Amino acid sequence: MAKQFKPETLCVQAGWSPKKGEPRVLPIYQSTTFKYDTSEQMARLFDLEDNGYFYTRLQNPTNDAVAAKIAALEGGVGAMLTSSGQAANFYAVFNICQAGDHFVCSSAIYGGTFNLFNVTMKKLGIDVTFVNPDDSEEEIAKAFRPNTKALFGETISNPALEVLDIEKFARIAHSHGVPLIVDNTFPTPINCRPFEWGADIVVHSTTKYMDGHATSVGGAIVDSGNFDWDAHAEKFPGLCTPDESYHGLTYTKAFGKMAYITKATAQLMRDLGSIQSPMNAFLLNLGLETLHLRMPQHCKNAQRVAEYLQKNDKVAWVNYCGLPGNKYYELAQKYMPNGSCGVISFGLKGGREVAIRFMDHLKLAAIVTHVADARTCVLHPASHTHRQLTDEQLIEAGVRPDLIRFSVGIENAEDIIADIEQALNA
Ligand code: PLP
């Protein structure tokens, strides 16, 4: 149903089309395994010669229905759910990078992704170079090496809220024969569809707006099917040469446009196993059914809160790409004309200490290690999510030490503003 329907319809209906007598609501296939009549039928599944379920670590019908919905929303050919956004980012890169390889990454990314790339993946022998995403194409191109296999960025970075110039990044990636991977967690496909601007792979922390209710940690990888792996076969042996662990099958030959996402499932999920539980996938699907209603409300409320903060003389600075004059306003208008996300950041006069006091006085907005759900919440990244980063790394990631990350929920905007006001005056 993917192509002919608009996002609102896809949110509600894509992924699960019950046949006669089947449940109207996507069922939770809470089963590790699936039954076959003959040994031969099962054997064909293990050789990837037949489609079918055999073990939930690889595939599960509930998860696949939700992944299909996310693929439809992003306009991709296929998707895979993972146990977390971290797992999605790791798999997305590891699917095409092995020890001795290198990739280039925007420095404006989530702190957890930064650690994954800068520390853990380096221990696996995969090197990364971080670049300032606002640098010129020529400057960013200098980071590429003969063994570079991907370029990575976040549509709207968490928590710096820098907007990625997706077309520029796609041009740089493609001129070096590598795919562009974009973490599209904050805008979601309701507000931005990176494939339409040249991205090849999209990743999500579904934990955020997609789930939207803060019930389930999860992630997703979506494949556009557009990157021509065979045209750069020497760079991507994992996709373009036989996989000995699948009896010499070559993913690009056997699966064409689905090569990347099939390898991620058949090989990485088989071997590393960071699956999303079917129960979490079911909850994620409930969230997705209202994503198209929630995102505009988040954006509308965030705009009101940002405008209020901008006028308040206790506030030192406000960063929200929906504010005219913001460094990323024009890019946001180009890539997200209907709104960006509900997350804003700001600093208070008096700096770090005043920020912490302000947060402690909030009543409606809760201090939580979370962002992007229905309830307004707040965090001080330098004290919390990013506390393992040095001051230098914080600045590089666009996180000022006084930065308050404020995730505007879908409550009444006046109530949210009243809460901020009483905390500022306390
Ligand atoms: N990507 C972005 C943009 C994020 O904000 C986060 C988490 O905050 C992640 C990835 C990691 O996702 P998860 O917490 O689901 O592992």
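The values are calculated or read from the model by the stated rules, or taken from the named source; none is laboratory data. This is a predicted model, so every value here is computed, not measured. All Cβ positions, even for glycine, are placed from backbone atoms using ideal geometry, and neighbour counts span all protein chains on display. To get the accessible areas, we keep the full protein, side chains included, count just its heavy atoms, and leave off ligands, DNA and RNA. Shrake-Rupley method; radii C 1.70, N 1.55, O 1.52, S 1.80 Å.
A simple packing score, the average count of other Cβ atoms within 10 Å per residue, orders the peptides 101-110, 16-25 as 101-110, 16-25, with the highest score first. If both residues of a DSSP beta bridge must be in the chain, then about 60% of such bridges are antiparallel. Rounded to whole Å, the principal axis extents of the Cα atoms in segment 72-132 read 33, 24, 19, largest first.
Seen against the Cα atoms of the chain and their longest principal axis, helix 278-288 is set at about 50 degrees. Placing unit charges on the Cβ atoms only, positive for Lys and Arg and negative for Asp and Glu, gives the chain a dipole magnitude near 640 debye about its Cα centre. Nearest 10 degrees, 0 to 90: what angle lies between the long axis of helix 85-94 and the longest principal axis of the chain (Cα atoms)? Computed tilt is about 50 degrees. Each of Ile96, Met121, Pro187 was placed along the dipole of segment 37-187 (beta-carbon charges, centred on the mean Cα), and the one lying farthest toward the positive end is Met121. Relative contact order of segment 270-426, taken over Cα pairs closer than 8 Å and 6 or more residues apart, is 24 percent.
Taking every alpha-carbon pair under 8 Å whose residues sit at least 6 apart, segment 1-64 reaches a relative contact order of 29 percent. Take the Cβ atoms of Lys142 and Leu272, set R0 to 22 Å, and the FRET efficiency comes out at 0.10. Considering only Cα atoms, the convex hull volume of segment 206-300 works out to 126 Å³ per residue. Under the classification rounded if a/c is under 1.5, otherwise prolate if a/b is larger than b/c and oblate if not, where does segment 144-280 fall, given a ≥ b ≥ c as square roots of the Cα gyration tensor eigenvalues? In terms of gyration-tensor shape, oblate. Obtain the radius of gyration and the Kirkwood radius of segment 321-401 from its C-alpha atoms and give Rg over Rh. With Rg and the Kirkwood Rh in hand, the quotient comes to 0.99. For segment 1-56, the C-alpha radius of gyration sits at 1.51 times the compact-globule guess of 2.2 N^0.38 Å, with N the residue count. Here's the picture: charge each Lys and Arg Cβ at +1 and each Asp and Glu Cβ at -1 in the chain, and of Ile344, Ile172, Thr262 the one pushed furthest to the positive end of that dipole is Ile344. For segment 71-225, the dipole from Cβ point charges (+1 on Lys and Arg, -1 on Asp and Glu) about the Cα centre works out to 440 debye, to the nearest 20. Using a/c under 1.5 as the rounded threshold, could you call segment 74-179 rounded, prolate or oblate? The axes a ≥ b ≥ c are square roots of the C-alpha gyration tensor eigenvalues, and prolate needs a/b larger than b/c, oblate otherwise. Here segment 74-179 falls in the rounded category.
For the chain, the relative contact order works out to 17 percent when only alpha carbon pairs closer than 8 Å and six or more residues apart are counted.
The string of couplings for segment 193-205 from the Karplus curve (6.51, -1.76, 1.60, θ = phi - 60°) is 10, x, 4, 5, 10, x, 5, 9, 10, 10, 10, 9, 8 Hz, one whole number per residue in order, with x for Gly and Pro. Taken along its principal axes, the alpha carbon cloud of the chain reaches lengths of 72, 56, 36 Å, longest axis first. For Glu40 and Ala99, a Förster radius of 60 Å and the Cβ-Cβ distance give a FRET efficiency of 0.95, rounded to the nearest 0.05. Placing unit charges on each Cβ (+1 for Lys and Arg, -1 for Asp and Glu) gives the chain a dipole about its Cα centre, and among Ala67, Asn147, Val222 the Cα reaching farthest toward its positive end belongs to Ala67.
Segment Asp230..Val25, full-extension length gain: 69.8 nm, with 0.36 nm per residue of separation and the alpha-carbon distance subtracted.
The alpha carbons of segment 271-374 occupy a box of 51, 35, 30 Å along the principal axes, longest dimension given first.
In the context of the full set of protein chains, segment 247-395 has a per residue accessible area of 44 Å² (1.4 Å probe). Annotation: extensible slack from Gln310 through Gln422 equals 38.7 nm (criterion: 0.36 nm per residue apart, minus Cα-Cα distance).
For segment 158-202, the per residue solvent-accessible surface stands at 21 Å², with DNA, RNA and ligands left out and a 1.4 Å probe. Evaluating kT/(6 pi eta Rh) at 20 °C and 1.002 mPa s, with the Kirkwood radius of segment 185-241 over Cα pairs in the Stokes-Einstein relation, gives 163 µm² s⁻¹.
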